[in-house]
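What follows draws every value from the coordinates through simple rules; no lab data is involved. Here the structure is a predicted model, which is why all the values come from computation and not from measurement. Every residue, glycine among them, receives a Cβ derived from its backbone with ideal geometry; neighbour counts consider all protein chains shown.
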Amino acid sequence: MEKRFALALGLSFLFFVVWGRIFPAVNSPVSLQQTKTIENKEVASFSVGSAEPAPQSPIQAAESSKNIPEEVLTIENDKIRVFISNLGARIVKVEFKEYAGEEFFVNSGAVLEYRTKTYAIASKDGQKISLIGRFEGVSVATSYELSENEYTIFDKTRILNETNEAKVVNAEIEHVYLDGEWLKETVDATTGEKKDIGRDKNLLEYSIYSNGNVLRKTGAFEFKEKEKKQEFLSAEWFGYRNRYFCFISRPDYTNEGFVVNPIDKNQLSLFAISKEVALNRGEAVERNSFIYVGPQKASDLSKYSGNLEKIQVYFRFEFLDAIAKIIQDAIIFFHKGIPNWGVCIILVSILIYGLMYPLTFKSLLSMKKMQSLQPKIQTIREKHEENPQKLNQEIMKLYAEHKINPLGGCLPIFLQMPIFIGLYQVLWRSVWFKGAGFLWIKDLSEPDRLMLFSKHFPVVGNELNILPLVMMVLMFVQQKMSTRSMATTDPNQLAQQKMMTTIFPLFLGFIFYKLASGLSLYFTMFYMMSIVSQMLVAKHMNKDA
């Protein structure tokens with residue numbers, strides 16, 4: 001019956017909404033086997049005074065770092081502004097200029113042994129900064145340089161022995177350091193106010209690419225001891241991502257493996273394993289890295305070596321991930337000819353619905369036929385009320401006589417669920433929609449916010465979002481059309497009808513009210529096309545009659 005179709009459809013939507021929140025895109029953790037440690041001693045010879053060019057000599061700058069306070073400086077290009085602390089000489093935050101200055105919190109680049117030591121600023125210009133520190137006869141020079149008009153950074157670190165004797169140094173680099181307290185909030189691009197990231201917390205993920213596999217951990221804002229891991233397979237890159245952006249640090253030096261070290265509940269460190277290096281006077285070891293920090297766009301990431309694009313996935317299951325990426329590619333394809341993401345969502349809505357229409361039509365037709373048999377089924381129920389076995393036999397016999405498959409109405413819906421689930425993730429997580437406008441919508445990645453109120457109200461908060469309300473109305477109309485010709489006196493069926501026609505549209509509207517307007521736009525189109533489909537099915541039934 002059509003109420004079952006609507007219930008199945010509604011439950012399907014609810015399922016993939018909940019699925020998308022509970023199970024964000026990840027791949028299953030890989031099992032990395034231990035291998036023999038590789039000898040790695042990359043030593044270069046330098047004179048004591050040959051550090052980075054600076055206003056003062058490197059030794060003077062290093063000496064001056066002993067008692068200086070922590071300071072955060074910035075370098076920037078047209079794409080990003082990078083915040084670098086002299087405590088550990090590490091990146092601490094990035095702002096994306098093209099995305100209203102949205103902040104991205106991540107630490108990277110510290111020499112592990114000296115991550116709590118202060119460095120002096122040796123030199124700084126718009127796109128490059130050099131820092132140097134001296135610690136017990138060892139000078140550490142670190143520089144960060146931005147590429148022109150790119151989301152990339154070159155991180156160069158050199159550890160130099162300044163003593164008269166041979167010295168053993170630890171040259172391990174901390175490629176990603178996370179602090180859960182930083183990650184729990186972000187800055188509202190519109191108001192500039194700090195806000196909790198809410199449901200996006202589960203989209204936070206750290207990752208390590210090694211031996212052709214990606215080790216992932218979602219919900220990366222709280223850490224547990226069981227996450228601790230040490231693997232002796234070379235790490236090709238270390239990554240961290242949120243809903244839209246990612247940070248990838250690719251070691252451009254040989255490493256023997258990696259360590260995942262949860263320091264406590266709120267802090268976690270990812271670093272590359274390197275053997276201790278024995279340096280004679282004037283010898284240095286270099287540890288350079290390539291960093292990408294920008295939007296999660298596989299097309300951009302694939303330009304760089306190291307399989308950086310593997311950081312972007314929608315699901316842990318390859319089948320669902322493949323479907324999601326096909327949908328993503330379809331939207332991008334439309335955008336090549338139509339430079340408006342809202343129109344592209346509408347076109348993809350029509351395309352997907354058109355491809356699924358044969359299944360949808362058969363499903364609706366089957367429901368209509370089952371609905372037409374309800375008077376006869378009710379008679380059978382009354383006749384064999386006390387004999388359930390006979391009751392089922394007679395109902396199945398009736399279905400067979402009219403060539404109706406009882407599963408014909410619901411099965412197509414569940415066959416379509418992978419597409420719905422994939423589409424949900426694409427519309428929710430695609431950075432292309434961030435900041436993209438359509439009609440009155442300023443940002444397809446946020447609620448449509450036709451109007452902002454000065455006060456907060458229950459449920460709606462301080463904003464009026466039109467698309468979820470339109471979607472509710474269309475769903476209500478669809479349910480009314482489904483139940484219009486249903487004649488039943490069964491109290492249970494009447495209760496189901498009432499729920500489907502009133503309560504469920506309200507519930508779904510509540511779910512979608514705070515979701516991205518790109519999602520609401522798609523499902524508004526979906527219900528509009530569903531109404532048209534029901535009209536066509538009704539016309540087909542009348543013609544057959």
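Quick notes on this structure:
- Label sites at Leu351 and Ile338, each approximated as a point 7 angstrom past Cα along Cα to Cβ, lie 1.0 nm apart.
- Under 13 Å of direct C-alpha separation, and excluding same-chain neighbours fewer than eight residues apart, Lys390 reaches these aspartates and glutamates: Glu382.
- Long pairs among Lys93/Lys167; Lys325/Lys369; Lys226/Lys275, criterion Cα-Cα beyond 27 Å: Lys93/Lys167; Lys325/Lys369
- Computed lengthening from Lys390 to Lys480, 0.36 nm per intervening residue step minus Cα-Cα distance: 29.0 nm
- At 1.567 mPa s and 4 °C, Stokes D of the range 228-317 from Kirkwood alpha-carbon radius, µm² per second: 86 µm²/s
- Convex hull volume per residue for the range 438-479, taking Cα atoms only, in Å³: 87 Å³
- Considering every alpha-carbon pair of the range 254-394, the percent of pairs per 5 Å bin, from zero through the bin containing the longest distance, is 2, 6, 8, 9, 10, 10, 7, 6, 8, 7, 6, 5, 5, 4, 2, 1, 1, 1, 1, 0, 0.
- What the Cα convex hull of the range 73-135 gives, in volume per residue, is 66 Å³.
- Restricting the calculation to Cα atoms, the range 410-470 yields a radius of gyration followed by a Dmax of 15.2, 47 Å.
- With the simple model of a label 7 Å out from the Cα in the direction of the Cβ, Thr116 to Ala298 spans 4.3 nm.
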